[in-house]
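**Q** Once you've had a glance at the structure underneath, I'll fire off some questions.
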Amino acid sequence: MLTRVILLPLALAAVLLLVLAFSLASERQAEAGGAVENLSGCAASSLPANDDGSSSAVPLAFSPNFFGTTYNQIYVNNNGNVTFDSPLSQFTADSLLSVSRVIIATFWADVDTTGSGSNVVTYGATQFSGRPAFCVN
């Protein structure tokens, strides 16, 4: 299943619903043989092939409020998550509740993109329904 994270400057509940709806729509499109919509800017940057790597701080074009704290940057992590407070380069098979990072994890796994034929993590800023957005694939 292809999972894409899109963060919008909306309330947390709306962001989580959007991510869930987009993931489910993408899964249905893939099952039906359709293509996932490629939004301009979503693949502007990428992590190099790696095992447990992270980006440096990526500035956001908006300031999302996540559980009462507003952020202006994000870290893209190779293991299926983004963090707001610092990079998270290692994967632990523990519950997300035990992770000491401010995190959104739509795919919580130990990802290694160094293998032959692996795709790398791409990310970037875009517009979604006329609003600034940030996506990770």
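**Q** Compute the FRET efficiency between Asp94 and Ser129 as 1/(1 + (r/R0)^6), taking r as their Cβ-Cβ distance and R0 = 35 Å, and round to the nearest 0.05. Walk me through the numbers on the way to the answer.
**A** Details: r = 36 Å, r/R0 = 1.02.
So, using R0 = 35 Å, E works out to roughly 0.45.
**Q** Another question about this same structure. Taking amide hydrogens as modeled 1.01 Å from N in the peptide plane, which residues meet the under 5 Å criterion relative to Val121, leaving out close sequence neighbours?
**A** Leu47
**Q** At R0 = 25 Å, how high is the FRET efficiency between Ala49 and Phe107 if r is their beta carbon distance? Nearest 0.05 is fine.
**A** Working: r = 17 Å, r/R0 = 0.69.
Efficiency for this residue pair is about 0.90.
**Q** One-quarter of the Cα convex hull surface for the range 39-137, in nm²? List each step's numbers first, then the result.
**A** On the way: hull surface 26.4 nm².
Dividing the Cα hull surface by four gives the mean projection, 6.6 nm².
**Q** Report, to two decimal places, the Cα Rg of the range 94-137 normalised by 2.2 N^0.38 Å (N = number of residues). Walk me through the numbers on the way to the answer.
**A** Working: Rg = 14.2 Å, N = 44, 2.2 N^0.38 = 9.3 Å.
That ratio works out to 1.54.
**Q** Which FRET efficiency, nearest 0.05, do Thr122 and Asn65 yield, Cβ-Cβ r, R0 25 Å? Intermediate results must be reported in sequence, preceding the final value.
**A** On the way: r = 26 Å, r/R0 = 1.03.
The formula returns an efficiency of 0.45 here.
Rule-based calculations on the coordinates, nothing more; no lab input. Model, not experiment: these values are computed from the prediction. Cβ atoms come from the backbone with ideal geometry, glycine included; neighbour counts cover every protein chain shown.
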